[in-house]
Amino acid sequence: MLRLISDNTSFKFIKLKLVSFSFSAIVCMASIFSVIFIGLNFGIDFKGGILLEIRTTSNIGIAEIRNNISNLNIGEVAIQKFGVDSDYLIRVEKQEGSDNAQQIAVEAIKSTLNASFGEDIKYRRLEYVGPTVSKDLVSDGVMAIIFAIIAMLAYIWFRFELPFALGAIVALLHDIILTMGVFAVLGLEFNLATVAAILLIIGYSMNDTVVVYDRIRENLRKFKKMNLNELLDKCINQTLSRTINTTVTTILALGALYIFGGQIIADFAFAMLWGIVVGTYSSIFIASPILVYVNVRRNKETES
């Protein structure tokens, strides 16, 4: 089996805990300030706008549709496949002005598409996403992330013990904050797909952390007199090959998705790529070293 790193590494990760904690604290604070003062570039899902579903009767692609409506000066436009291959969903940001401004934008889109494709375009659905719906989507997205964190806390607490759960949650919050921070700094669109990416990052990061925690719990039973710092280093090194192999193969798949998947999923793929990197970092340099400070029990209760 191909291994990117030896199974017999002996890196002293725990010696770097103060450096890694300080670095993470600085970048997390920078991310929080970026979100507060720069702000997130919310997409149509969160800002409100127009949803227009169309069906094509000939081989018309996203690029052709986008080329035809890109010069209408109606702001941000997102086009994606919806349902079967011949169905597309066109999202347009909320137009400045009254409801009449929204209707004018819709008519402009229809006129342009009709002129280019004629009867090859069928209009199936038209919706306006207003401020109330947008606010609901924002609150629902936030609640989804909060519930995911609470569920992970309960899972780790039940499977291991409270100190492990605290370490895992700190690592998860670290990953979420850094992901939101990079989106604010780079001005990438933050939409429902990004929320889905964050939820996936939570799952990936937690899985990575659980692998290390399983080895820590196992070694706590085996080496009851070993210095805790040495034991944690031993556990991280024993799982390091698996962690790196999984991370690299995931990055290769997501990298292909980011490069060849098109603009529609580029931000989603980038969020996943960034999350995988910071999730791997946090499982090694945050979740495990923090156990030094949270009074992990080394008696028989660790076997529960």
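Taking 1.002 mPa s as the viscosity and 20 °C as the temperature, the Stokes-Einstein diffusion coefficient of region 66-125 based on its alpha-carbon Kirkwood radius rounds to 173 µm²/s. Every helix of 4 or more DSSP H residues in the chain counts as -39500 (n - 2.57), and over all residues that averages to -21000 deg cm²/dmol at 222 nm.
About its Cα centre, region 49-129 has a charge dipole of approximately 140 debye under the convention of +1 per Lys or Arg Cβ and -1 per Asp or Glu Cβ, with nothing else charged. Given the C-alpha centroids of region 62-76 and region 153-224, what is the distance between them in whole angstrom? Distance between centres, Cα-based: 39 Å.
For Cys28 and Gln80, the FRET efficiency from 1/(1 + (r/R0)^6), where r spans their Cβ atoms and R0 equals 25 Å, is about 0.15.
Can you compute the charge dipole magnitude of the chain about its Cα centre, using +1 on each Lys and Arg Cβ and -1 on each Asp and Glu Cβ, nothing else charged? Give it in debye, rounded to the nearest 20.
Values: 27 positive and 27 negative charges, 339 e Å.
With only Lys, Arg, Asp and Glu charged at Cβ, the dipole is about 1620 debye.
Taking every Cα-Cα distance in the chain and sorting them into 20 Å bins from zero, the calculated P(r) comes out as 28, 46, 22, 4 percent.
Taking all Cα pairs closer than 8 Å and separated by 6 or more residues, the relative contact order of region 48-114 comes to 41 percent.
Would you please classify the overall shape of region 179-294 from the alpha carbon gyration tensor, given that a ≥ b ≥ c denote the square roots of the eigenvalues, rounded means a/c under 1.5, and beyond that prolate means a/b larger than b/c while oblate covers the rest? Judged from the Cα gyration tensor, region 179-294 comes out prolate (a/c at least 1.5, a/b above b/c). Of the residues Val138, Val27, Val84, which exhibits the maximal mean-square fluctuation in a Gaussian network model of the chain defined by a 10 Å Cα contact cut-off? It is Val84. Please give the helix 99-117 orientation as an angle from the longest Cα principal axis of the chain, in degrees from 0 to 90, rounded to the nearest 10. Long axis of 99-117 versus the principal axis of the chain: about 80 degrees. Against the chain, whose longest principal axis is taken from its Cα atoms, helix 266-282 shows a tilt of about 10°.
Of Ile74, Gly118, Asn59, whose Cα points farthest to the positive end of the dipole of region 49-129 (charges on the beta-carbon: +1 Lys, Arg; -1 Asp, Glu; origin at the Cα centre)? Of the candidates, Asn59 comes out farthest on the positive side.
Go through region 213-259 and name the trypsin sites (Lys or Arg not before Pro) that are in a DSSP coil and have 12 or fewer other Cβ atoms within 10 Å of their Cβ. Show your work: numbers first, answer last.
Details: sites: Arg215, Arg217, Arg221, Lys222, Lys224, Lys225, Lys234, Arg242; in loops: Lys224, Lys225.
Loop-located and lightly packed - Lys224, Lys225.
Rounded, prolate or oblate: pick one for region 17-91, where a ≥ b ≥ c are the square roots of the eigenvalues of its C-alpha gyration tensor, a/c under 1.5 means rounded, and failing that, prolate if a/b is larger than b/c, else oblate. Walk me through the numbers on the way to the answer.
Numbers: a/c = 3.79, a/b = 2.61, b/c = 1.45.
Prolate.
For the chain, the longest principal axis of the alpha carbon atoms and the long axis of helix 162-186 meet at an angle near 40°.
Throughout, read-outs are computed from the coordinates displayed, never taken from laboratory work. From a predicted model like this one, the values you see are computed outputs, not experimental measurements. With ideal geometry, Cβ positions are generated from the backbone for all residues, glycine too; neighbour counts draw on all protein chains shown.
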